[in-house]
């Protein structure tokens with residue numbers, strides 16, 4: 001039995017936090033409930049993976065723990081598909097609840113078959129086969145498949161994130177600040193895979209085993225992943241999910257005739273100038289389409305092809321103009337800039353600053369200084 005070290009404490013805390021967060025998320029999962037069910041499952045699997053590694057390193061000579069460690073390797077093949085499922089359910093609105101196809105679990109099934117195949121050998125026989133290199137090729141193939149499979153699913157998640165970032169500007173007039181969280185998940189998962197690849201190359205290519213790279217750093221990253229994905233989910237807002245498919249026919253220049261364009265432009269000006277619909281902090285493309293009594297496809301086409309901008313940029317341009325008008329009326333002497341931006345329709349300081357710089361080509365403070373010197 002090995003001594004209890006700091007890394008074991010970190011892993012143990014990761015296990016306890018993963019289980020705790022998986023339970024709590026289900027208790028408070030009124031928001032994003034389908035995605036959160038997947039998230040809880042991811043956290044439980046991460047906790048099981050950490051548990052297997054924890055007991056294996058504490059008691060390396062025990063057959064039960066050795067077999068448990070082999071079983072944990074199966075979960076690595078399940079982790080990637082569930083993370084992809086979480087992405088799909090969290091950020092996209094689909095007509096029916098997305099379910100993973102069985103082909104996503106073929107590598108995990110293959111690993112499960114291999115795991116049961118090892119039971120034909122006793123513990124001592126299996127250890128001897130490992131030591132004399134008889135199973136080296138098997139382990140190499142299994143690890144290579146695991147790495148490639150997770151790299152592929154990481155790429156799929158990256159693609160989904162790209163679609164989300166594009167569709168967010170086409171559907172929302174505000175930022176949900178979701179991309180940073182999703183990027184952090186990908187970076188953490190990428191770091192895990194990078195360390196795994198380094199360990200794989202050193203082990204099979206150069207016959208070098210590093211306890212830090214092959215165990216400590218990899219499982220510390222898993223613990224970090226548990227904290228990041230878990231604690232964000234406790235405070236996440238109810239997310240507006242994007243349509244998954246990109247309507248390519250938006251680019252069709254003949255989608256709307258001249259008469260329809262004039263009608264929509266007249267209605268649009270009324271909504272923006274008279275009714276000031278942009279003051280709604282949570283204004284979406286769906287809301288605007290309802291106000292115009294038309295489809296979201298038509299509104300997107302109108303903005304993309306006639307106004308040459310996204311829904312996000314179009315709405316925030318009006319908000320910036322409203323803010324500038326307040327500044328020119330000297331309202332900033334009585335209210336903070338943040339309060340004025342909120343009164344202009346913005347829902348956050350970061351969205352306001354970004355939009356202001358895009359439209360005015362300057363920061364709010366510099367703009368006010370220049371205005372005072374005139």
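The values are calculated or read from the model by the stated rules, or taken from the named source; none is laboratory data. Just so it is clear, the model here is predicted, and its values are computed rather than measured. No Cβ is skipped: glycine too gets one built from the backbone with ideal geometry, and neighbour counts run over all protein chains shown.
Here residue 158 fulfils each of the conditions (1) in contact with a helix residue (DSSP H, G or I) (Cβ under 8 Å, 6 or more places away or on another chain); (2) over 21 Å from residue 73 (Cβ atoms); (3) touching a residue at least 60 places away in the same chain (Cβ under 8 Å) apart from (3). Might you check whether a residue that is at pLDDT 95 or above and more than 14 Å from residue 173 (Cβ to Cβ) occurs anywhere in the stretch 280-289? No, the stretch 280-289 contains no residue that is at pLDDT 95 or above and more than 14 Å from residue 173 (Cβ to Cβ). Scoring residue 165 on the criteria (1) surrounded by fewer than 20 Cβ atoms within 10 Å (Cβ to Cβ); (2) modelled with pLDDT of 90 or more; (3) touching a helix residue (DSSP H, G or I) at 6+ places or on another chain (Cβ under 8 Å); (4) more than 30 Å from residue 317 (Cβ to Cβ) leaves a single failure, condition (4).
Out of 151, 100, 160, one residue alone is modelled with pLDDT of 90 or more, outside any helix (DSSP H, G or I), within 20 Å of the chain's Cα centre (by Cα) and under 30 Å from residue 243 (Cα atoms). It is 100.
Taking the listed residues 201, 208, the one that is at pLDDT below 90, out of contact with any strand residue (DSSP E or B) (no Cβ under 6 Å at 6 or more places or on another chain) and not assigned by TED's automatic domain parsing to the domain that holds residue 299 is 208, with no other qualifying. Assess whether residue 150 counts as being surrounded by 14 or more Cβ atoms within 10 Å (Cβ to Cβ), in the same structural domain as residue 63 (by TED's automatic domain parsing) and in contact with a strand residue (DSSP E or B) (Cβ under 8 Å, 6 or more places away or on another chain). Here the answer is no, as residue 150 does not meet what is asked. Could you please let me know if residue 362 is over 33 Å from the mean Cα position of the chain (by Cα), loosely packed, with under 15 Cβ neighbours inside 10 Å and over 13 Å from residue 279 (Cβ atoms)? Answer is no for this residue. Just one of (1) under 18 Å from residue 365 (Cα atoms); (2) at pLDDT below 95 fails for residue 322. It is (2).
Among residues of the stretch 224-240 being in a helix (DSSP H, G or I) and buried (at least 19 other Cβ atoms within 10 Å of the Cβ), the one that is nearest to the chain's Cα centre (by Cα) is 229.
Going residue by residue through the stretch 103-122, is there one that turns out to be part of a loop (DSSP other than H, G, I, E, B) and either in contact with a helix residue (DSSP H, G or I) (Cβ under 9 Å, 6 or more places away or on another chain) or under 23 Å from residue 200 (Cβ atoms) (or both)?
Taking the stretch 103-122 first, the residues part of a loop (DSSP other than H, G, I, E, B) are 121-122.
Among the residues that remain, those that are also either in contact with a helix residue (DSSP H, G or I) (Cβ under 9 Å, 6 or more places away or on another chain) or under 23 Å from residue 200 (Cβ atoms) (or both) are: 121-122.
Looking for residues that are part of a loop (DSSP other than H, G, I, E, B) and either in contact with a helix residue (DSSP H, G or I) (Cβ under 9 Å, 6 or more places away or on another chain) or under 23 Å from residue 200 (Cβ atoms) (or both), one finds at least one in the stretch 103-122, hence yes.
Yes or no: the stretch 165-176 includes at least one residue that is farther than 26 Å from residue 351 by Cα and assigned by TED's automatic domain parsing to the domain that holds residue 227. No, because not a single residue in the stretch 165-176 is farther than 26 Å from residue 351 by Cα and assigned by TED's automatic domain parsing to the domain that holds residue 227. The residue of the stretch 168-193 that is farthest from the chain's Cα centre (by Cα), among those that are surrounded by fewer than 15 Cβ atoms within 10 Å (Cβ to Cβ) and in a helix (DSSP H, G or I), is 187.
One residue alone among 338, 302 is in contact (Cβ under 8 Å) with a residue 12 or more places away in the chain, buried (at least 17 other Cβ atoms within 10 Å of the Cβ) and either touching a strand residue (DSSP E or B) at 6+ places or on another chain (Cβ under 8 Å) or assigned by TED's automatic domain parsing to the domain that holds residue 286 (or both), and that residue is 302.
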